[in-house]
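Below is one structure, written out as structure tokens, with a few remarks after it.
Bear in mind that the values in this text are calculations on the coordinates, not laboratory data. Just so you know, these numbers come straight off a predicted model, no measurement behind them. Cβ: placed from backbone, ideal geometry, glycine included. Neighbour counts: every protein chain shown.
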Amino acid sequence: MLILRYALIATAFLDMAFAIESVRTVNSARPFASSSRLPVMSQGHLFFIEQSPVIPVYAPSGQPAFTIELKSPSRPAAIPADAAMSGRGQTAVSFAYTDDTLGYQGAIAIFDNTGKQSSLITTGRFMPMHLCFGADSATIWAAGWQRDAVKRDSEDEQDYMIVRRWNGQGELTGSYVKRSSFPLGLSPGGGFGGRWGIRAARGRVGMQLMSGETSERMVWLELDDNGEELGRWTLPAEHTDGMAFTGGQLYSVTSTWNRDTSKAVWMLNQLDRSTSKWNPVLTKEWIHPGVPGSFGILMDADDDKIVLARENGSILEWMKP
């Protein structure tokens, strides 16, 4: 599919509360449409996860880096859910596979910086849907849901912990956040279409969790490095075009496009924990002869920077708040 790249004709900045520095911009060799599943970003790398055990990985330069191929412990192919990269270049990929006796099971595969699998963590009925590495680049955190031992296609009717932690040797070192602390409805740690779900930043592990009957009801929950809950906040209902967690702060982006004037408005927001509202901190406006959804997707944080995808993902911009 041909994806058009639109030039920015005019740019104007309205600085609200603080300045934001554009660090670098790259052209991506693999654009993506906002209407399809977004690639996962971690450590500036893009992981194109589909319903396939083969995952192409693109470097922060926008060029191909390596390809990951999941190997299931059983004969059926593995179904990937999420990927995360450590500061040392290791990659963890969570996936589900079918066991002839036990039904669907969960697992996390570890790969080196060339895409070669080095180890495997099996998680049983716990399905790790969202992954991140801790600040030590060895600890793995996962948010997910647990299958029922009898009704195997359903969520566990018994209480269970939503968040799990493993050390660098693949040993389970902690389980946190009771399912019963959320209302009935969707599994809090379920998947939601390519958006990241858990990230570590400045001594905190933050996660987006569903809370109720629809995926629009989301909670932001934070733990410290020892798994103690620091707080949870209901995320504002306003639609956001992606979020990033860096410097202990949660950012979101909202964007609009006026077909009549061809003006696009992109707004960077910060979560105010005292009010559970998004506070706008920067607005960027430009004339953009494009189409809705082709600009302004906040992919993730990369260290102390945030990464914005524009022009259907053909342009990636690193910015420092």
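Pairs over the 27 Å Cα-Cα cut-off, from the set LYS71/LYS305; LYS263/LYS320; LYS277/LYS305: LYS71/LYS305.
Over the chain, what relative contact order in percent results from Cα pairs under 8 Å that are six or more residues apart? Don't jump to the answer; show the numbers that get you there.
Values: 825 pairs, mean separation 58.4, N = 321.
Relative contact order comes out at 18 percent.
Between exposed GluC sites (Glu not before Pro) in the chain, where DSSP calls loop and at most 15 other Cβ atoms lie within 10 Å, what's the longest gap? It would help to have the intermediate numbers written out before the result.
On the way: sites that count: GLU50, GLU157, GLU171, GLU213, GLU216, GLU228, GLU238.
Excluding the exposed sites themselves, the longest stretch runs over 51-156.
Taking 14 Å as the straight-line reach from the Cα of LYS284, the aspartates and glutamates in range (excluding those fewer than 8 positions away in the same chain) are ASP15, GLU21, GLU317. Cβ-Cβ distance of ASP100 and GLN63, R₀ of 45 Å, FRET efficiency by 1/(1 + (r/R0)^6): the value works out to about 0.65. Here's how it looks for VAL281: its modeled amide H is under 5 Å from those of LEU268, ASN269, GLN270, which are all 5 or more places away or on a different chain.
Each of SER28, SER118, SER137 was scored by other Cβ atoms within 10 Å of its Cβ. Listed from fewest to most, they are SER118, SER137, SER28. Label-to-label distance, ALA138 versus ARG37, with points set 7 angstrom from Cα along the beta-carbon direction: 3.3 nm. Extension gain for SER22-SER175 works out to 51.2 nm (0.36 nm per residue, less the C-alpha to C-alpha distance).
For the pair segment 217-254 and segment 70-147, the centres of their Cα atoms are 23 angstrom apart.
Taking label points 7 Å from Cα along the Cα-to-Cβ direction, PHE192 and LEU120 give a separation of 3.2 nm.
Could you tell me the calculated FRET efficiency between THR256 and GLU50, based on Cβ-Cβ distance and R0 = 22 angstrom, to the nearest 0.05? Let's see the in-between values first.
Values: r = 29 Å, r/R0 = 1.34.
It comes to 0.15.
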